Amino acid sequence: MKKILVTGGLGFIGSHTVVELQNEGFEVIIIDNLSNTTIEVLDKITAITNLKPAFYNFDLKDKKSVQDFFKNNKVDGIIHFAASKAVGESVQIPLDYYENNIISLTNILQEMKARAINNLIFSSSCTVYGQADELPITENAPIKPAESPYGNTKKINEEIIADASKAHGIKAISLRYFNPIGAHSSAKIGELPIGVPQNLIPFITQTATGIRQELSVFGSDYPTPDGTAIRDYIHVVDLAKAHIAALNRLLNNQQKNNYEVFNVGTGKGSSVLEVINAFEKVSNTKLNYKIVGRREGDITAAFANTTLANRELGWKAELTLEEALLSAWNWQKRLKN
Ligand code: WQD
């Protein structure tokens, strides 16, 4: 049984990927410092798959802990999710973001180099494209100056991996996520924003349950059909399955280059108002929202050209926006307020 290390494996995308890894027969080891999640997620994963992943609670910035881990654990691949990921927060505390997101990665890469560990999958983001000149966005779209320190850490981390792959032959894939949303069908795991949600979907579901009074729609003067901004919302379970496809490509030596990059989205753009309407339909609720000014740093539109991932990974998003919104709603209703 292949053993896969999942850093940040108790987080939103990490936990859904752990479930899919276990479903595919992989043995999973999780490292998570619980800075943006809770230990209960480990029990929820176990409840879904009846398989309890091994769990290590330490900070990947701590080089000694990382070295000790790899001294005692032989792994066949690593999926690296662990990172600080709040765009707005990264503007307030950029040094913490550079320290956390970059040192965690270099500590892992140093161990991969020292121990000839191959097969790294990195959690990247479409944020590296900024406002792309052409839509849908392909992997060859120019990388734009980052709009936030968070986005800059994704850009820098991709470059670090590319250099390490070139210099030391480490096989790696970066997956550039579009907008992950939704929850596992069991409603046992999902997006767990701490404090006021920054992202659209958790704010919608919290408004629908009355935790939030009203959703603010950030801008209706964008050059889009209904004036609100467009994004590519991908069900987190489809996204998790893309990691399995990428991992199998690495394990089966199917790569064309030692370092590859793939967009992971649905290929379909939805505006904020379209998302609201879809949510009202699937939840049979009326959402309380108001149009306000644009949010600083937001782009008009982003949605993926998924041809490369479809062809090379043999992966395609299968779940619809409505299914993702319903799963997010079911998850929210299960959460204690
Ligand atoms: C989506 C749309 C908002 C909240 C960011 C990061 C990306 C990834 C996902 C981490 C935008 C609008 C939102 C609200 C609104 N992060 N909106 N009212 O900004 O596309 O992407 O989160 O991995 O890297 O860049 O996602 O959900 O914040 O916003 O109108 O209360 O919803 O303006 O148009 P975003 P989002």
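The equivalent ellipsoid that matches the C-alpha gyration tensor of the chain spans semi-axes of 31, 23, 19 angstrom, in descending order. For the stretch 94-167, a crude dipole built from +1 on the beta carbon of Lys and Arg and -1 on the beta carbon of Asp and Glu, taken about the Cα centre, is about 260 debye to the nearest 20. Starting from the 7 Å offset along Cα-to-Cβ, what nm value, one decimal, do you get for the label separation of GLN131 and GLN67? The two pseudo-label positions are separated by 4.8 nm.
Apolar share of the accessible surface for the chain: 49 percent from carbon plus sulfur atoms, 1.4 Å probe. Distant-in-sequence amide contacts of ALA54, defined by a placed amide H-H separation under 5 Å and a gap of 5 or more residues or a different chain, comprise VAL28, ILE30. Sorted from longest to shortest, the spans of the Cα atoms of the stretch 12-133 along the three principal axes equal 42, 33, 29 Å.
Using the structure shown, select from LYS155/LYS281; LYS64/LYS188; LYS2/LYS171 the pairs with a Cα to Cα distance greater than 26 angstrom. Beyond 26 Å: LYS155/LYS281; LYS64/LYS188. Taking the DSSP beta bridges in the chain as the whole, what percent of them are antiparallel, to the nearest 5? So the antiparallel bridges amount to about 5 percent of the total.
Between ALA114 and LYS144, the contour length at 0.36 nm per residue exceeds the Cα-Cα span by 7.5 nm. Could you tell me the center-to-center distance, by alpha carbons, between the stretch 244-306 and the stretch 74-102 in angstrom? The stretch 244-306 and the stretch 74-102 have Cα centres spaced 20 Å from each other.
As a ratio to 2.2 N^0.38 Å, the alpha-carbon radius of gyration for the stretch 27-90 is 1.24. Amide H to amide H distances under 5 Å link GLU260 with ALA172, ILE173, SER174, where only residues 5 or more positions off or on other chains count and H is placed in the peptide plane. Over all orientations, the stretch 239-284 has a Cα convex hull whose mean projected area works out to 4.6 square nanometres.
With all protein chains kept in place, the per residue accessible area of the stretch 86-201 amounts to 42 square angstrom at a probe of 1.4 angstrom. Note on ALA162 and VAL91: with the Förster distance fixed at 25 Å, the Cβ-Cβ geometry gives a FRET efficiency of about 0.45.
When +1 charges are put on Lys and Arg Cβ atoms and -1 charges on Asp and Glu Cβ atoms, the dipole computed for the chain relative to its Cα centre reaches about 680 debye. Label-to-label distance for ARG294 and PHE58 is 4.6 nm, based on points extended 7 Å past Cα in the beta-carbon direction.
Kindly state, to the nearest 0.05, the FRET efficiency for SER216 paired with THR49, given R0 = 41 Å and r defined as their beta-carbon distance. Calculated value: 0.60.
The values are calculated or read from the model by the stated rules, or taken from the named source; none is laboratory data. Since the model is a prediction, treat every value here as computed from it, not as a measurement. Note: ideal-geometry Cβ built from the backbone for every residue, glycine included; neighbour counts use all protein chains shown. Accessible surface is based on the protein model in full, side chains and every heavy atom, while ligands, DNA and RNA are left aside. Shrake-Rupley method; radii C 1.70, N 1.55, O 1.52, S 1.80 Å.
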